[in-house]
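Q: There's a structure below that I have some questions on.
The values are calculated or read from the model by the stated rules, or taken from the named source; none is laboratory data. All of these numbers come straight from a predicted model, not from anything done at the bench. For neighbour counting, all protein chains shown are included, and Cβ atoms are generated from backbone atoms with ideal geometry for every residue, glycine included. For accessibility, only protein heavy atoms count, side chains too; no ligands or nucleic acids. Shrake-Rupley method; radii C 1.70, N 1.55, O 1.52, S 1.80 Å.
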Amino acid sequence: MLKFIEKGFLYGFVLGISLGLFTVPYKEVIVGDLEETNYFDLSDFIIPLLRVGVVVALVGVVIGFFLFVPIIWIT
């Protein structure tokens, strides 16, 4: 059971980091007379990215747990 939950966490973390790369903003565009683009520092990008990865990983753990429980009842 522990290995099943660990796999759910690992796959969820990888999926969360992958989704986070598309959803976490890495720049800020200010539109006025001229368009100004400010790129965030690396730490301002990495922390929200890891936050998304961990949240999706915890969702993966919950899904892995509830998928494993019916397997125990069947056998």
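Q: So, taking all protein chains as they sit and a 1.4 Å probe, how much accessible area belongs to Y26, in Å² rounded to tens?
A: Roughly 110 Å² of Y26 is accessible to a 1.4 Å probe.
Q: Quick one: dipole size for the chain, taken about the Cα centre, charges +1 on Lys/Arg Cβ and -1 on Asp/Glu Cβ, in debye to the nearest 20.
A: Charge dipole, the chain, about its Cα centre: 700 debye, nearest 20.
Q: Please work out the FRET efficiency for the pair V69 and I47, using the Cβ-Cβ distance as r and a Förster radius of 22 Å; give the result to the nearest 0.05.
A: Values: r = 34 Å, r/R0 = 1.54.
Result of the calculation: an efficiency of 0.05.
Q: To the nearest 500 deg cm²/dmol, what mean residue ellipticity at 222 nm is calculated for the chain from DSSP H runs of n ≥ 4 alone, each contributing -39,500 (n - 2.57), summed and divided by the residues? Could the numbers behind the result be given before it?
A: Numbers: 2 runs with 55 residues, N = 75.
Rounded to the nearest 500, the figure is -26500 deg cm²/dmol.
Q: Here's something else I'd like to know. Please report, as a whole percent, how much of the solvent-accessible surface of the chain comes from carbon and sulfur atoms (probe radius 1.4 Å).
A: Of all accessible area on the chain, carbon and sulfur atoms account for 73 percent.
Q: Would you check the accessible area of E28, probe 1.4 Å, heavy atoms only, in square angstrom rounded to 10?
A: Answer for E28: close to 90 Å² accessible.
Q: How much area per residue is accessible in the chain when the probe is 1.4 Å and only protein heavy atoms are counted (Å²)?
A: Per-residue value: 80 Å².
Q: So who's got an amide H within less than 5 Å of the one on F40, skipping anything under 5 residues away but keeping other chains? H placed 1.01 Å off N, in plane.
A: K27, E28
Q: To the nearest whole percent, what portion of all C-alpha pairs in the chain is separated by more than 20 angstrom?
A: It works out to 48 percent of all Cα pairs.
Q: Counting alpha carbon pairs within less than 8 Å and at least 6 residues apart, what relative contact order, in whole percent, applies to the chain?
A: Once normalised by length, the contact order is 49 percent.
Q: With θ set to phi - 60° and the Karplus curve 6.51 cos²θ - 1.76 cosθ + 1.60, what are the ³J(HN,Hα) couplings of the stretch 22-30 in order, to the nearest whole Hz, using x for Gly and Pro?
A: 8, 9, 7, x, 10, 8, 10, 10, 10
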